[in-house]
1. Limited to region 101-136, what total is found for residues that are farther than 17 Å from G8 by Cβ, surrounded by 17 or more Cβ atoms within 10 Å (Cβ to Cβ) and in contact with a Phe, Trp or Tyr (Cβ under 6 Å, 6 or more places away or on another chain)?
2. Considering every residue within region 137-145, establish whether at least one is surrounded by fewer than 21 Cβ atoms within 10 Å (Cβ to Cβ), outside any strand (DSSP E or B) and in contact with a helix residue (DSSP H, G or I) (Cβ under 9 Å, 6 or more places away or on another chain).
3. What is the one condition in (1) more than 26 Å from Q105 (Cβ to Cβ); (2) touching a His at 6+ places or on another chain (Cβ under 8 Å); (3) surrounded by 17 or more Cβ atoms within 10 Å (Cβ to Cβ) that M43 does not satisfy?
4. In region 76-106, which residues are more than 18 Å from G55 (Cβ to Cβ) and of a type in the set (S, T, Y)?
5. What are the pairs, 6+ residues apart or on separate chains, where a residue within region 36-51 that is closer than 25 Å to I16 by Cα has its Cβ under 7 Å from a residue that is part of a loop (DSSP other than H, G, I, E, B)?
6. Quick check on T91: is it part of a loop (DSSP other than H, G, I, E, B), at pLDDT 95 or above, within 13 Å of the chain's Cα centre (by Cα) and within 24 Å of V45 (Cα to Cα)?
7. Any idea which residue in region 30-57 is nearest to S76 (Cα to Cα), counting only those that are part of a strand (DSSP E or B) and touching a helix residue (DSSP H, G or I) at 6+ places or on another chain (Cβ under 7 Å)?
8. Would you say L27 is in a helix (DSSP H, G or I), buried (at least 17 other Cβ atoms within 10 Å of the Cβ) and of a type outside the set (F, W, Y)?
Amino acid sequence: MKKIIAFGGSSSKNSINKQLAVYAANLFQNVDIEVLDLNDYDMPVFSVDREKENGIHPLAQDFYAKIGSADFIVLSLAEHNGAYSSAFKNTLDWASRIDAKTFQQKPMLLLATSPGARGGGSVLDIATKRFPFQGAEVKGSFSLPSFYDNFKDGKITNEILDSDLKYLIAAISL
């Protein structure tokens, strides 16, 4: 059985992006899903001086190993000021010191959502263009606008948006 690693690129305890990632991961058939929480990878802000003094942080090594254990990644990115959240960026910065191809050539579904009408469109655009250079094989991307209007009780309530995501996932073979 294939293993999916699903997580939200946010440190929020009630991350709407983590909720979306978990929902999307559960739409795949016959898979094992492991949900990560970025709060489990809380590290000091990356700097080359810290790395030189202490080496690569053990939590970065753990995160990198988790990515390596996956057959597929479902990642939903929070958008902070038009880019990645600082929690996600810091985790990525630390893990990239192990290997610049942090995502280890893993196939990935990239998602984003926000309370606003653009649904994290800016960060999704950045990641879709950047992640292939960091070893991700981006199989598709999806933005869910206006999270609180379109997601309730653990699922997408807007039938058109839900259908769009399900269609995208059906086109991805694991």
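The values are calculated or read from the model by the stated rules, or taken from the named source; none is laboratory data. Source: prediction; values computed, not measured. Here Cβ is always computed from backbone atoms with ideal geometry, including for glycine, and neighbour counts include all displayed protein chains.
1. Count: 2.
2. Checked region 137-145: at least one residue is surrounded by fewer than 21 Cβ atoms within 10 Å (Cβ to Cβ), outside any strand (DSSP E or B) and in contact with a helix residue (DSSP H, G or I) (Cβ under 9 Å, 6 or more places away or on another chain).
3. Of (1) more than 26 Å from Q105 (Cβ to Cβ); (2) touching a His at 6+ places or on another chain (Cβ under 8 Å); (3) surrounded by 17 or more Cβ atoms within 10 Å (Cβ to Cβ), only one is false for M43: (1).
4. Once the filter is applied, which keeps residues that are more than 18 Å from G55 (Cβ to Cβ) and of a type in the set (S, T, Y), region 76-106 yields S76, Y84, S85, S86.
5. Close Cβ pairs (under 7 Å, with a partner that is part of a loop (DSSP other than H, G, I, E, B)) amount to L38/S10; L38/S11; N39/S11; M43/H57.
6. When the stated conditions are applied, T91 does not pass them.
7. Step one: of region 30-57, the residues part of a strand (DSSP E or B) are 31-35.
Those left that are additionally touching a helix residue (DSSP H, G or I) at 6+ places or on another chain (Cβ under 7 Å): 33, 35.
Working: I33: 15, V35: 12 Å.
The selected residue is V35.
8. In short, no.
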